[in-house]
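Student: Structure below; questions to follow.
Where a number appears in this text, it was derived from the coordinates with a stated rule and is not lab data. Given the structure is predicted, the values throughout are model-derived calculations rather than measurements. Note that we place each Cβ from the backbone using ideal geometry, even for glycine, and neighbour counts take in every protein chain shown.
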Amino acid sequence: LLGLYLIIRPRRARMAPAEPGESLAMLRVRPLPGAWHRFERDLKPGVGGVAPTPSGPTRGRRARRMVGAGVIAGSTILLVVWLAAPLIWIAFASTQPPSALAEVPPRLTANLDLSGYWRSLTDPEWQGAAVVSVTVTVLATFIALVVSLLAGYPLARFRMRGTRLLLLSLLATMLIPPIALAIPVLFIVIELGIRDTILGLVLVNAAFWTPILIWLVRSAFVGVPTELERAARIDG
């Protein structure tokens, strides 16, 4: 920006040529014909009776932006298809008879078979597993979210010693493969006496989710202006 200002700024030492019938007072008021005024004149459409036409670099930048937007849109579509295709295939395959899926390649038919869903919903073992999964998910999310809120707000609002080291430590824990922590976590669970219990699953899942949630919650608090928070405190 400083270089652009030095290039296009008007030079005060230059004298503007006087027009016929123009006095000295009018000459002082009239702006100098510097590069800045020529730059403003070029930005205004239709100045001088000639409509501006896009130059070569402008068309090139526009073309590059269009190509970039097309590449981003195409990549997004491919990513969505790549992520959603297995789920869509599972949904369709779950309603097909086994004979249609046993063929190579699999053949999709219009005969929808929903008996598998009914057997799963009425199976006591599946119902118990579903209750355990929902309980573990809700409790682990609640615990991880509470801890993340209590840790993310001070990290976002207060300047404390060791904040950067703590954030790097949380990031380092997310880089560790979960399989490498399986045996140490198993020994800890056995020592606490919560093996094969819902409490053990809740604590383990909450411990794995908390670091990433702290980063997300801290980013959310940083995005809120401090002026808005001060105004809310004044308003009570």
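Student: Can you list residues whose amide H is under 5 Å from Q96's amide H, if they're 5+ apart or on another chain and H is modeled 1.01 Å from N?
Tutor: For Q96, whose amide H was placed from the backbone, the distant partners under 5 Å are D113.
Student: Next question, about the same structure. So what J values fall out for region 106-118 if you push phi through Karplus, 6.51 cos²θ - 1.76 cosθ + 1.60 with θ = phi - 60°, rounded to Hz, Gly and Pro as x?
Tutor: x, 10, 8, 10, 8, 7, 7, 10, 9, 5, x, 5, 5
Student: Which value, to two decimals, describes the C-alpha radius of gyration of region 67-127 once divided by 2.2 N^0.38 Å?
Tutor: Normalised Rg, Cα atoms only: 1.64.
Student: While we're here: Restricting attention to region 88-162, which chymotrypsin sites (Phe, Trp or Tyr not before Pro) occupy a DSSP loop and are surrounded by at most 16 other Cβ atoms within 10 Å?
Tutor: Qualifying residues, ordered by number: F158.
Student: Give, rounded to the nearest 20 debye, the magnitude of the charge dipole that region 81-236 has about its Cα centre when Lys and Arg contribute +1 at Cβ and Asp and Glu contribute -1 at Cβ.
Tutor: Working: 10 positive and 9 negative charges, 161 e Å.
Its charge dipole is roughly 780 debye.
Student: Report ³J(HN,Hα) in whole Hz for each residue of region 69-84, in order, from the Karplus equation J = 6.51 cos²θ - 1.76 cosθ + 1.60 where θ = phi - 60°; Gly and Pro get x.
Tutor: 5, x, 5, 5, 5, x, 5, 5, 5, 4, 5, 5, 5, 5, 7, 8
Student: In whole angstrom, note down how far apart the Cα centers of region 174-235 and region 115-145 are.
Tutor: Centre-to-centre (Cα) distance: 22 Å.
Student: With a point put 7 Å past each Cα toward its Cβ, work out how far S99 is from R62 in nm, to one decimal.
Tutor: Output for this residue pair reads 6.2 nm.
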